[in-house]
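Written below as structure tokens is the structure these notes are about.
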């Protein structure tokens with residue numbers, strides 16, 4: 001299985017930190033945010049990774065290289081100008097193969113066990129599902145949530161949970177999109193939800209949307225705390 005880490009965003013809310021450093025390379029708990037993802041994916045047996053970038057993307061390639069020091073094989077999708085989530089996935093599709101692949105936002109921190117998605121990918125191959133989403137509790141800055149979850153199916157009804165930024169996708173979902181064109185993911189997800197082609201699960205563990213300098217600082221303290229020292 002392949003995984004794509006989304007790392008192309010400008011990180012406007014993180015300025016001035018992101019003026020000279022791409023957001024995925026900002027550090028928390030002694031390592032860049034994106035490295036936490038790489039290490040977790042590798043531990044789950046997912047070692048073939050694609051990372052997209054745009055803003056200061058050369059820094060990302062320089063910092064991570066080919067991934068060998070993490071036990072991974074990293075390839076890069078240079079968008080030049082950020083294409084948003086669905087546009088970025090569609091742009092990287094030639095690198096992602098023909099099987100379901102994992103996508104994870106580069107600006108979150110989460111202790112989700114990615115190995116769970118290996119079995120989900122197998123199930124997806126024998127169903128009509130195109131997407132599997134991981135949902136989490138609604139944070140204070142997003143109290144309304146994104147999607148409902150009933151009996152393992154994602155819905156557009158209340159009560160709603162927050163999309164974690166971790167998902168599993170069939171490549172067929174993106175093949176008809178125009179190459180190199182900006183496109184958000186949410187409309188595509190809602191279209192598939194309406195067709196009942198989206199499964200989901202609720203993650204009860206640690207999850208942080210690292211969207212502001214304050215939340216980055218809070219995450220850094222959390223990861224450095226002795227009782228949380230094993231979030232690696």
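Answer yes if at least one residue in the stretch 67-89 is over 25 Å from residue 124 (Cβ atoms), at pLDDT 95 or above and crowded, with 21+ Cβ neighbours inside 10 Å, and no otherwise.
no
Within the stretch 128-157, how many residues turn out to be in contact (Cβ under 8 Å) with a residue 60 or more places away in the chain, within 25 Å of residue 101 (Cβ to Cβ) and not in a strand (DSSP E or B)? Break it down stepwise before answering.
The first filter runs over the stretch 128-157 and keeps only residues in contact (Cβ under 8 Å) with a residue 60 or more places away in the chain, leaving 128-137, 139, 141-142.
Then keep just the ones that are within 25 Å of residue 101 (Cβ to Cβ); that gives 128-136.
Subset that is not in a strand (DSSP E or B): 128-130.
Within the stretch 128-157, residues that are in contact (Cβ under 8 Å) with a residue 60 or more places away in the chain, within 25 Å of residue 101 (Cβ to Cβ) and not in a strand (DSSP E or B) number 3.
Residues 24, 94, 16, 32: which one is more than 17 Å from the chain's Cα centre (by Cα) and farther than 27 Å from residue 129 by Cα?
Numbers: 24 fails: more than 17 Å from the chain's Cα centre (by Cα); 94 fails: farther than 27 Å from residue 129 by Cα; 32 fails: more than 17 Å from the chain's Cα centre (by Cα).
Unique residue meeting the criteria: 16.
Scan the stretch 205-223 for residues that are over 17 Å from the mean Cα position of the chain (by Cα) and surrounded by fewer than 13 Cβ atoms within 10 Å (Cβ to Cβ) and jot them down.
Residues satisfying the conditions are 214, 217, 221.
Out of 74, 108, 38, report the one residue that is free of Cβ contacts under 8 Å to residues at least 60 places away in the same chain, in contact with a strand residue (DSSP E or B) (Cβ under 7 Å, 6 or more places away or on another chain) and within 27 Å of residue 199 (Cβ to Cβ). Talk me through it step by step, then tell me what you get.
Working: 74 fails: within 27 Å of residue 199 (Cβ to Cβ); 108 fails: free of Cβ contacts under 8 Å to residues at least 60 places away in the same chain.
Just a single option satisfies the conditions, and that option is 38.
Name every residue in the stretch 20-35 that is crowded, with 21+ Cβ neighbours inside 10 Å and over 15 Å from residue 59 (Cβ atoms), in order of residue number.
Selection gives 28 alone.
Name the residue, out of 61, 12, 99, that is surrounded by fewer than 15 Cβ atoms within 10 Å (Cβ to Cβ), touching a helix residue (DSSP H, G or I) at 6+ places or on another chain (Cβ under 8 Å) and without any contact (Cβ under 8 Å) to a residue 40 or more places away in the chain.
Values: 61 fails: touching a helix residue (DSSP H, G or I) at 6+ places or on another chain (Cβ under 8 Å); 99 fails: without any contact (Cβ under 8 Å) to a residue 40 or more places away in the chain.
Result of the check over 61, 12, 99: 12.
The values are calculated or read from the model by the stated rules, or taken from the named source; none is laboratory data. Just so it is clear, the model here is predicted, and its values are computed rather than measured. Here Cβ is always computed from backbone atoms with ideal geometry, including for glycine, and neighbour counts include all displayed protein chains.
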